[in-house]
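First up is the structure itself, then whatever we jot down about it.
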């Protein structure tokens with residue numbers, strides 16, 4: 001059986017999909033989580049194997065975005081591999097009127113189908129009682145109540161599906177032929193489509209699921225019969241709502257209309273024009289305080305573990321270049337990534353809690369109100385907020401924006417929002433240059449600065465959008481239609497899964513790149529032109545003899561000379577003149593270069609370079625960075641001026657190859673990613689330069 | 001010692017090869033990035049899982 005799951009956004013579709021197929025996947029609350037097709041398999045009670053496709057959430061079969069077009073094309077294209085022979089249409093029982101529009105449309109497509117009501121617990125809280133038998137009788141299809149989160153109703157759904165083949169409704173709820181006989185006849189004949197509603201949708205929606213008639217032909221046919229697409233669509237929607245009103249009158253009982261729901265009462269506070277922002281910023285402050293204060297102990301443990309492993313590897317492995325590679329290249333590089341696991345877990349744990357509880361949709365709502373003042377439309381809010389996790393899915397989420405210019409602006413500004421890859425860079429620099437003092441007696445200054453960096457990224461994105469709006473001159477027609485899911489107690493399992501997935505993606509995704517770069521970097525840092533190295537070593541030894549250095553002093557000076565005359569040292573010194581005005585030495589320069597692969601590579605790179613320069617390897621990466629000085633002045637390298645300059649550079653620069661790639665793919669040209677890369681990197685250079693020169 | 005240098009050369013070549021493949025995948029994969037993680041790829045790739 002080829003089964004399709006169709007429904008409005010935020011109706012528990014993903015939860016039901018997970019429950020049926022066993023596929024673990026994130027369940028979010030705001031639009032844009034289900035963006036493309038997902039497929040899973042399960043078995044019916046009669047042992048029949050079902051291929052289940054989870055289609056993107058949509059409000060009707062008249063598409064207003066690329067995602068919604070996918071739904072229509074899948075349901076109409078009989079030659080497509082995903083064309084279903086049975087459909088489960090999901091309806092949120094607490095929001096029946098709106099959901100039934102799509103339900104009645106899908107029924108009219110003539111598929112064998114089952115209607116699954118979700119959110120019945122919410123409906124009961126709203127004192128709504130659904131008469132399943134009456135609904136089944138009037139719609140002519142089986143209906144069940146399910147709960148993807150608890151598993152309730154799954155057996156009933158599977159049984160209904162096993163019997164669904166014979167339950168397709170024969171007559172149409174809305175029959176376009178009643179008014180447009182000649183048009184439908186001509187259309188049906190041209191498309192070879194016996195179902196009048198399918199023919200109607202193909203004729204009016206102007207998507208191209210069938211090659212039988214060209215889009216031009218369909219358009220001409222509508223014109224010949226004096227049919228205006230939008231008007232016909234509105235007329236159909238009004239007619240359907242009349243039918244739905246009648247249906248609900250006889251099948252849904254509302255037992256108490258007076259009492260305002262708890263969700264409404266909470267919303268009055270959380271979406272309040274002042275209190276909403278106060279609460280949001282208080283929550284942000286809590287998250288960033290927690291990132292610093294709760295992660296200290298586990299981070300120290302991970303650091304200690306890697307220091308011990310490094311020492312152990314030097315003791316156990318036979319001395320030689322391979323042992324050096326492990327102790328100075330691979331282990332410090334990996335430690336640079338793994339040490340941030342606690343912070344990543346805490347950040348995403350909080351984000352998952354906010355999503356699971358339903359609060360994230362309220363954040364989008366209050367932000368939408370704020371951003372309209374800056375000339376941004378509501379649909380840009382979701383990508384900008386989800387960009388705080390990663391810019392790549394955020395840029396893909398812009399597909400829901402109808403107008404191209406508005407979508408382009410959102411794509412261009414999204415990389416300014418602070419993604420999770422910036423977190424390791426920010427935290428290590430903040431920990432180095434910002435004192436861990438208390439503010440107002442209960443807030444940590446480091447946490448406040450981290451929060452300020454997140455706010456700074458968001459302000460940058462909004463400001464850039466204002467500028468782009470003026471330059472590109474977009475006509476803003478888009479608006480945000482936002483689902484406000486009821487508040488729910490977050491499920492520990494879902495929060496835990498999100499934390500696990502994000503940590504895994506950080507370790508596996510970034511870890512492999514960092515491991516590869518660490519190996520290459522170690523080789524480049526350990527070897528250099530022999531003649532140059534010998535010359536540098538002789539100079540150091542002569543100086544040591546003249547000044548009577550101790551053996552430890554000599555070893556350190558030789559290590560530093562070797563590093564400086566290594567291949568990486570030579571490359572670094574070539575770029576040093578360009579970055580020196582920003583307060584960076586060649587080691588930071590190399591880290592900046594490798595960061596263009598991905599920002600978090602910064603820490604791994606620094607860790608490897610410092611490990612090669614310090615063969616004894618007895619200090620943590622933070623301690624080594626903290627002790628480093630400018631050779632010319634003897635002043636600390638990572639002081640406040642360099643730290644702020646680096647923070648600003650990482651906030652502004654476009655240092656992510658994957659983002660460049662996704663922008664190229666979404667804009668289908670190299671023009672925009674190259675402009676974005678050049679503008680962001682130039683801004684990063686100029687702003688960091690000004691900051692360093694002013695502070696130092 | 002020579003064997004150690006050969007192993008290191010192989011490791012460096014593998015690392016460079018991996019980085020090159022990763023870069024190519026970033027520009028050609030459907031997910032838009034080469035990540036094997038769950039962030040974007042999973043939501044955009046066709047996930048096919050059999051429920052045993």
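The values are calculated or read from the model by the stated rules, or taken from the named source; none is laboratory data. Just so it is clear, the model here is predicted, and its values are computed rather than measured. Counting neighbours? That spans all protein chains shown, and the Cβs are built from the backbone with ideal geometry, glycine included.
The table below lists the values:
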| read-out | value |
| --- | --- |
| Test: residue in the stretch B:11-27 that is crowded, with 19+ Cβ neighbours inside 10 Å, closer than 24 Å to residue A:658 by Cβ, more than 7 Å from chain A (Cβ to nearest Cβ) and modelled with pLDDT under 75 | no |
| Among (1) at pLDDT 85 or above; (2) within 24 Å of residue A:341 (Cα to Cα); (3) buried (at least 18 other Cβ atoms within 10 Å of the Cβ) - the single one residue A:279 does not satisfy | (2) |
| All positions within the stretch A:418-453 that are within 24 Å of residue A:387 (Cβ to Cβ) and in contact with a strand residue (DSSP E or B) (Cβ under 7 Å, 6 or more places away or on another chain) | A:421, A:448 |
| Wholly within the stretch A:49-122, strands (runs of 3 or more DSSP E) carrying at least 2 residues that are closer than 21 Å to residue A:188 by Cβ | none |
| Options A:646, A:674: the member that is more than 23 Å from residue A:459 (Cβ to Cβ) and at pLDDT 80 or above | A:674 |
| Where residue A:176 falls short, out of the listed (1) surrounded by 15 or more Cβ atoms within 10 Å (Cβ to Cβ); (2) at pLDDT below 75 | (2) |
| Among the residues listed as A:505, A:518, the single one being without any contact (Cβ under 8 Å) to a residue 12 or more places away in the chain, within 36 Å of the chain's Cα centre (by Cα), within 14 Å of another protein chain (Cβ to nearest Cβ) and on the phi < 0 side of the Ramachandran plot | A:505 |
| Some residue of the stretch A:316-336 being within 14 Å of chain B (Cβ to nearest Cβ) and within 29 Å of the chain's Cα centre (by Cα) | yes |
| Residue in the stretch A:520-540 that is over 30 Å from residue A:150 (Cα atoms), at pLDDT below 85 and crowded, with 19+ Cβ neighbours inside 10 Å present | no |
| Selection status of residue A:361, modelled with pLDDT under 85 and more than 14 Å from every other protein chain (Cβ to nearest Cβ) | yes |
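One line per residue, one yes/no per condition, for (1) surrounded by fewer than 20 Cβ atoms within 10 Å (Cβ to Cβ); (2) touching a strand residue (DSSP E or B) at 6+ places or on another chain (Cβ under 9 Å):
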{"site": "A:107", "(1), (2)": "no, yes"}
{"site": "A:133", "(1), (2)": "yes, yes"}
{"site": "A:150", "(1), (2)": "yes, no"}
{"site": "A:155", "(1), (2)": "yes, no"}
